[in-house]
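As structure tokens, the structure follows; a few thoughts come after it.
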Amino acid sequence: MKNILVVGSTGQIGSELTMKLRREIPQSTVVAGYIPGAEPKGALLESGPSAIADVRDAAGLAEIVTRYKIDTIYNLAALLSAVAERKPLLAWDIQMNGLLNILEIAREKGVAVFTPSSIGSFGPETPHVGTPQDTIQRPRSMYGVTKVATELLSDYYFHKYGVDTRSVRFPGLISYTTLPGGGTTDYAVEVYYSAVKGEEFTCPIAPGTYMDMMYMPDALHAAIMLMEADPSRLKHRNSFNIASMSFEPEQIFAKIREYIPSLQVRYEVDPVRQAIATSWPDSMDDSCAREEWDWKPTYDMDSMTVDMIKNLRLKLGAQ
Ligand code: SER
């Protein structure tokens, strides 16, 4: 029996994680937290309770935690990297003041908290190939600054107050359900939409730029698996490197062309996204996650591409 609050339940990760938690933990109550303007709809709305959960409103959050006897919060509210560069103060407010509100409630009420970190927590001085679990983290983007601070603050609340904080560093996430908004890795999602619609794709990231990527089912599995993991085995907490595939634009385009040979691409490199992408790892070493909680991905580039194209064709009504 678990009572879970998903903050950011209508976002790219939240929309799928909320449904998966409701399906897989049937005796649980999973509250879909949202902000006005991003209300849950359809199955997300109908399959369980929902509540306004703005991370900047500590009293409102505390009220939900009390009302539903919440024991676990998945804190997915965040501005992604490119949009955070345009709105750095808002990114700080949501990612840092919001996290502090959640951690304070967690401390008072004994709630476990998952707040994702990212490949964005690394920077130019980080070793880019086989990026170790414990290494230099000096990001230059506001998104990265908030992600490093998220890791530190979450570990602080664990060591100082015993709050059960855990997290992973997500790679760029690829999914067909909800579009990401304003991330550096979004191109790897958007190209599938263009391919299935038969439209030319304009790529904002230069050829040769490697980044870690992951198919959403593996990312969701990782989040739930880590929150269910035996705490006595965890030497790390915030945050674990997790990895499944790394590619540069030409490689993912070539993979899609195996199934949709007509895909057309032109490059129009966005300097903001490109600078961020260049500073991020090419490929992370996730051996600590494998050792401490048996992390193992299921999808590779090929099986992801087959699944993405099949589901996008259904979604977009294309053949
Ligand atoms: N996908 C995120 C972004 O590109 C990184 O975690 O901003």
Residue-count net charge about S50 - beta-carbon cut-off 12 Å; Lys, Arg +1, Asp, Glu -1: 0
T29 accessible area, 1.4 Å probe, all protein chains in place, Å² to nearest 10: 40 Å²
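Of all DSSP beta bridges in the stretch 163-279, what percent run antiparallel (nearest 5)?
Details: 3 of 11 bridges.
Bridges in the stretch 163-279 are about 25 percent antiparallel.
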M225 accessible area, 1.4 Å probe, all protein chains in place, Å² to nearest 10: 50 Å²
Nitroxide proxy distance, nm - points 7 Å out along Cα→Cβ at Y193 and R290: 3.5 nm
Tail beyond 19 Å, pair distance distribution of the stretch 8-115 (Cα, percent): 42 percent
Förster radius 25 Å - calculated FRET efficiency between S47 and T178, Cβ distance, rounded to 0.05: 0.95
Dipole axis of the chain (+1 Lys, Arg; -1 Asp, Glu on Cβ), positive-most option in S9, I224, M301: S9
The chain - mean residue ellipticity at 222 nm from DSSP helices (-39,500 (n - 2.57) per run, n ≥ 4, rounded to 500): -12500 deg cm²/dmol
Per residue Cα convex hull volume in Å³ - calculated over the chain: 124 Å³
Cα gyration tensor category, rounded, prolate or oblate, for the stretch 62-106 with a/c compared to 1.5: prolate
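If packing is taken as the average number of other Cβ atoms within 10 Å across a peptide's residues, how do 129-140, 232-243 rank, most packed first? Before the final figure, lay out each step's value.
Numbers: 129-140: 15.6, 232-243: 19.3.
Top to bottom by mean Cβ count within 10 Å: 232-243, 129-140.
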Total formal charge among the other residues, if their Cβ is under 13 angstrom from that of K69, Lys/Arg +1 and Asp/Glu -1: +1
Per DSSP, loop chymotrypsin sites (Phe, Trp or Tyr not before Pro) in the stretch 114-154 with at most 10 further Cβ within 10 Å: none
Entries in K255/K315; K87/K296; K2/K87; K235/K315; K147/K296 that, when Cα-Cα distance is taken, lie over 32 Å: K87/K296; K2/K87; K235/K315
The stretch 208-280 pair-distance distribution - Cα-Cα, 5 Å bins, rounded %: 3, 11, 17, 17, 17, 14, 9, 7, 4, 2, 0
Net charge contributed by nearby residues that have their C-beta within less than 9 Å of Y215 (K/R +1, D/E -1): -3
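The values are calculated or read from the model by the stated rules, or taken from the named source; none is laboratory data. Values in this document were obtained by computation on a predicted structure and should not be read as measured data. Because the Cβ atoms are built from the backbone with ideal geometry, glycine has one as well, and the counts that use them run over all protein chains shown. The accessibility values were calculated without ligands, DNA or RNA, using every heavy atom of the protein model including side chains. Shrake-Rupley method; radii C 1.70, N 1.55, O 1.52, S 1.80 Å.
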